[in-house]
1. To the nearest 20 Debye, how big is the dipole of region 11-151 about its Cα centre, given +1 on the beta carbon of each Lys and Arg and -1 on that of each Asp and Glu?
2. Would you please put 127-133, 65-71 in order of how densely packed they are, using the mean number of other Cβ atoms within 10 angstrom per residue and starting with the highest?
3. At 1.306 mPa s and 10 °C, plugging the Kirkwood radius over alpha-carbon pairs of region 72-161 into Stokes-Einstein gives what diffusion coefficient in µm²/s?
4. Relative contact order of region 1-56, please, whole-number percent, based on alpha carbon pairs below 8 angstrom and at least 6 residues apart.
5. Place +1 on the Cβ of every Lys and Arg and -1 on the Cβ of every Asp and Glu in region 1-144, take the dipole about the Cα centre, and give the residue among Gly55, Ile5, Tyr38 whose Cα lies farthest towards its positive end.
6. Each label point is 7 Å from the Cα along the Cα-to-Cβ direction; what then is the distance between the points at Val70 and Arg125, in nm?
7. How much mean residue ellipticity at 222 nm does the chain get from its helices, if each DSSP H run of length 4 or more adds -39500 (n - 2.57) and you divide by all residues, to the nearest 500 deg cm²/dmol?
8. Can you find, among Ser148, Gly71, Ile96, the residue sitting farthest towards the positive end of the charge dipole of the chain, where Lys and Arg contribute +1 and Asp and Glu -1 at Cβ?
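What follows is calculated from the coordinates using simple rules that are stated; it is not laboratory data. Here the structure is a predicted model, which is why all the values come from computation and not from measurement. Neighbour counts run over all protein chains shown; Cβ positions are idealised from the backbone, glycine included.
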Amino acid sequence: MKKTIYEFEYDVYDSIENLTPEDKSLMDSARKVTQKAYAPYSKFLVGAIAILENGERVEGTNQENASFPVGICAERTLLGSAAMYHQGVPIQTMAIAYHNLNGRSDKPVSPCGMCRQALSEYEDRTQKPIRLILSGMDGNVYIIKKSSLLLPLSFGSIDFK
Ligand code: THU
């Protein structure tokens, strides 16, 4: 028997003001995109925006439903649009913000398990890492170099081979 350790590194910034101008602009936009969320049930508005390798930007927000499990997260809304409108184009960076109308929005949250799986598959499809910038409406910002780092020992296309 041997033990294996999984570690990953991410950058923590005190504020959006300490980011590069490009990253700051992307996170500023993600915060604005939260306004387009449809989240009447949770009142947790999530906004995501990605910059693609061709320079285009794609947005996504969470889209809830009275039948709760039908709702979809901002990240997967975005990935669907990117795949449809920019087929095969890698995503360089995705910024994800949220506005919690029931409480605080001052610390980063990271993608849910289902979105981690979807992000990981997108990286696999395009053979490029998706860099993540995570924050609330203010406060700390996390930067993760590759979204699949959030999903160790993942199940994926390789398992079908
Ligand atoms: N949500 C997202 O859109 N992205 C995440 O990474 C976490 C959760 C949404 C799903 C639901 O509409 C609301 O936030 C509360 O869970």
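1. Details: 15 positive and 16 negative charges, 52 e Å.
It works out to roughly 240 debye.
2. Values: 127-133: 19.0, 65-71: 9.4.
Highest to lowest by the protection proxy: 127-133, 65-71.
3. Working: Rh = 13.8 Å.
Answer from the Stokes-Einstein relation: 115 µm²/s.
4. Details: 28 pairs, mean separation 13.0, N = 56.
Result for region 1-56 is 23 percent.
5. Tyr38
6. 2.4
7. Details: 3 runs with 39 residues, N = 161.
That comes out to -7500 deg cm²/dmol.
8. Gly71
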